[in-house]
Each structure stands twice: as structure tokens, then as C-alpha cells.
Amino acid sequence: MTLASLRRQLLAGDTTSAAILHHLAGEIAARDSLTGAYLSYDLEAALAEAALADLTLPLGGIPIAIKDNINVLGQPCTCGSKILAENYRSPYDATVIRKLRAAGAIPFGRMNQDEFAMGSATENSALQTTRNPRDPERIPGGSSGGPAAAVADATAIAALGSDTGGSVRQPASHCGVVGLKPSYGRVSRYGLVAFASSLDQIGPLTQTVEDAALVLQAIAGFDPLDSTCLDVPVPDYLAGLHHGVHGLKLGVPKEYFGTGIDPGVRKNVESAIQKLAAQGAEIVGISLPHTEHAVATYYVIAPAEASSNLSRFDGIRYGHRTAKPADILDLYKKSRDEGFGPEVKRRIILGTYVLSSGYYDAFYGRAQKVRTLIRRDFEAAFQQVDAVLSPVAPTPARKIGAFANDPLHEYLSDIFTLSANLAGIPGISVPCGTTHFDGATNLPVGLQILGPHLCEAKLLQIAQAVEV
């Protein structure tokens, strides 16, 4: 049940949009109680849309699952947080939702996530824990763990997630699906609940590279409602999908293959690189020298922006409001204390600290300078190569709760994905094998492909060569 195959079946009259929705509802009822990917779904509303679907459109009549930080008119948008779970319903459609509908797709299902997208495991959701369908004792990754798990479990055909530091690519790797983070500015962020505004980007999670191209084609493009969205042409992402990699130069950064990588991850990634070499790609050793500073830089900039963005959740305008506060300050304090979970509070406190008087230049200002150095590393690399290859994560999916008391260890697990967000470049995770890890077998491994800004078509072309 890929997007591409369902599209052909719908056009041939071999199935209907309503039949697809009923099938998905049955799959959700059968398996999602274990996986916990869905927070909610409205079958009747989706069926009403299906009855009017134009099957001639690129995604006509096909349901797409939505991460629960992307607004869909009239539906909940909890962001995995108690502060929005009680009574918030979105008053509008995000631009990506409008674009999906314009392409004929049907938004179907609200998917679980780490609270306000802050996490790498979907353990930080205040609403439920999502489990990896390959092994229910393990995390699906995060923060887009719900969308990735549903696509891997075939309870969703495709999904939209958001990626602030790897939150599409890392769960895609852990669940064995395709996850694409577009370039910053390629896809509108209007209607995405902001975590870190200079890092956030919406992207697809799909079963195949072709499906990722189909979804990106639908959601990419200029939006006057997002001042950071670029007014540049959107290429045909399907046109060059099967052009192969012959003659391409692909860089392998030494900093991404040092100590700390699980041997099974290394073996699968290196095998995928050799597969590309066998198809005619030239593999080139490169250096991204400021990689070692990526985690520290990210965990200054992202919490700083989160501290500012989450200040709007104050118990006054919308969201949770504490009962019987003593005064206005007590209302603010208790509403936020009751509504936010521990990881969100941790990042708000950290972000507020690095922005405070006397510390701004020492932390936030310096982090922005290092961010520039990281971006320049990639710019220099792309003078030599067409794309960069690396692991997505140092290890396969770990057990649920393994880092419950060690947030720093969890932060370090994002070391291979953070730099792309800091530099604003696109990245894709494509499955490249399975391995054993920590007592489990057949755990998925993803190959990460990074490219120059706005070069998503090239990444999809390379990813397709890995997939075939």
C-alpha cells in the first residue's frame, strides 16, 4: 500500500478512497493499541472528504497521517502536551495541509510525538508512549515517532512529520522507513507549532523514496504567510528519480565514522556506500571539522528559541489554565507548571538562561557564530562533492526507558542529524539494512544523505539508487 501503487489502483478503479480509509481503520483497531502511534482520528470526516475526492489529482483520494503539531482545521493539535490536550481545536489549516488537499490527499489521523517535538524517542509525550513496530520494547525514535511507527506498521500509508534536529530522519531510520527533511525555506512552516523557528521544517515519512518525492512535490513551494519560505521554482522531483548515481561524487566525512558507532550500523552504512560505488559513484573522503561542536551549538540555539516560542502558552489565550489561581502571577506559574512536562521545562529553563542578561553573548551569540562555521563546512564540502553520506544515528533503536535519567546521553545520539538543521540543508534517511543490537535482531538502520541547499531532487535520486 504505497502512495504510488494506490494511485494506480484508484485510477484503474480497482479500489476506492473509502475502501482505503476503512482498511486503515481496521488496521489501526487491530494493531495500534500496541504501537500507540495514533492519538486520534476522525473516520467520518475523512470519508466525507473521500466522497468528493478528485482521483485525477496527484494524491487524489489518498489518506496522509499528520504529526500532532501541524494544524488541521477543527481537529486537535496537542503537540503531545497536556497544555493543549484539554480543549484546543485548530481554527485553521496549516499551509502544508492546504497544499495536500489541493493535491487531492485526505489528512487522516493525529500522530503521537515528543512534547512540542522536544525529544528523540517519543517518550516525552504527555499522552502516551509510542513503540517501535519492529520491537515493541524499543523506541520508534523521535520526535516524529508516531508518524514513523504508523508508516512502518502499515497503519498509515504516508505521514507528515517535523524535523528540528533530526526528528524526521532519526525515527525513519529506527523504524525502517524513508524520512526526508527539506531545505529550510523549501516548505512553509505556517501552521506548524513552533519549537525552534530557525531550525524547524516539515517533511514526509513514507515507505518508499518515490512516495517521499510525491509528498514533497505536493507540499513544497512559496507561501506568503511564512516570511522564511523561499520564492523559488519547485522542480519535478519524480523526473530524475531513476537517473542513477553514475559520475556523482559522494563525500564520506571522517567525523561521522569515528568511535561510538555501533558495529552493525557501520557495516550496513558502509555496505550501502559500496553499493553506490558499484553503480558508478565516486566515493570521496571529506572533513566537516566543526561537527564536534554541533550538539553544544544546537542545545543552546534550540532551547533559546523554544523559550521564546513557548512563552505564548500562559494560561490566558488558549490551552490549559489552572483552577482558582491566587493572582495573575500564580495563574501563569501554575498553568505552565501543570501543563508542561519535564523535558519541555528543562529546555525552557536552559533557553531562558542562555538569553539572559550577562549570558547572551557568552552562549547564544557564540553559538550563532559556531553555527556559521558549521554551515561553511558544508559549503566547502559541496564544492568537492554532490552529496554527503553518513549514518543517521550511532545505534539502532534502544529500549524504552534506557536513558530516562540521562538526558545528555539522549542529546548526544542526535550528533549526525543536528548539523543539517543548523546549516539549513536537506537530508534524507533511507533504509540500508538491519542489524542486531542490545539483545534484539533485525533492527533497521538508515543511511543519511545530505545535500546542498534546495537540492532535494539530487538526494531523492541518490536515495532511489540505495533503495533499488
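The values are calculated or read from the model by the stated rules, or taken from the named source; none is laboratory data. Keep in mind it's a predicted model, so treat the numbers as computed, not measured. In this analysis, Cβ positions are derived from the backbone assuming ideal geometry, glycine residues included, and neighbour counts consider all displayed protein chains.
Considering region 84-123, the residues that are crowded, with 24+ Cβ neighbours inside 10 Å and hydroxyl-bearing (Ser, Thr, Tyr) include one that is farthest from Ala402 (Cα to Cα), namely Thr95.
Within the group Ala393, Ala397, Ala387, which residue is more than 30 Å from Arg131 (Cα to Cα) and not charged (D, E, K, R)?
Values: Ala393 fails: more than 30 Å from Arg131 (Cα to Cα); Ala397 fails: more than 30 Å from Arg131 (Cα to Cα).
After applying the criteria, what remains is Ala387.
The helices (runs of 4 or more DSSP H) found entirely in region 23-127 that carry 1 or more residues being under 26 Å from Gly339 (Cα atoms) are 82-85. Restricted to helices (runs of 4 or more DSSP H) entirely inside region 372-468, those with at least 3 residues that are under 22 Å from Gln207 (Cβ atoms) are 456-467.
Sort through Gly185, Gly203, Gly191, Gly179 and tell me the only one that's at pLDDT 95 or above and out of contact with any helix residue (DSSP H, G or I) (no Cβ under 9 Å at 6 or more places or on another chain).
Gly185
If you filter region 288-320 down to residues that are in contact with an Asp or Glu (Cβ under 7 Å, 6 or more places away or on another chain) and outside any helix (DSSP H, G or I), you find that the one that is nearest to Gly251 (Cα to Cα) is Leu288. The residue of region 45-54 that is surrounded by the fewest Cβ atoms within 10 Å (Cβ to Cβ), among those that are touching a residue at least 24 places away in the same chain (Cβ under 8 Å) and under 12 Å from Ala18 (Cβ atoms), is Ala51.
When Asp386, Asp377 are checked against the criterion of being of a type in the set (Asp, Glu) and touching a strand residue (DSSP E or B) at 6+ places or on another chain (Cβ under 6 Å), Asp386 stands alone in meeting it.
Just checking, which of Thr395, Thr417 is touching a residue at least 60 places away in the same chain (Cβ under 8 Å) and crowded, with 24+ Cβ neighbours inside 10 Å? Explain how you work it out, then say what you get.
Details: Thr395 fails: crowded, with 24+ Cβ neighbours inside 10 Å.
Matching residue, one of Thr395, Thr417: Thr417.
For Pro58, the conditions (1) touching a residue at least 40 places away in the same chain (Cβ under 8 Å); (2) within 21 Å of the chain's Cα centre (by Cα) are fulfilled apart from (2). Of the listed requirements (1) at pLDDT 95 or above; (2) under 15 Å from Ala302 (Cβ atoms); (3) crowded, with 16+ Cβ neighbours inside 10 Å, Ile349 misses just one: (3).
Return the only residue of Val232, Val252, Val269 being within 22 Å of the chain's Cα centre (by Cα) and either over 30 Å from Glu86 (Cβ atoms) or not in a helix (DSSP H, G or I) (or both).
Numbers: Val232 fails: within 22 Å of the chain's Cα centre (by Cα); Val252 fails: within 22 Å of the chain's Cα centre (by Cα).
Of Val232, Val252, Val269, the one residue that is within 22 Å of the chain's Cα centre (by Cα) and either over 30 Å from Glu86 (Cβ atoms) or not in a helix (DSSP H, G or I) (or both) is Val269.
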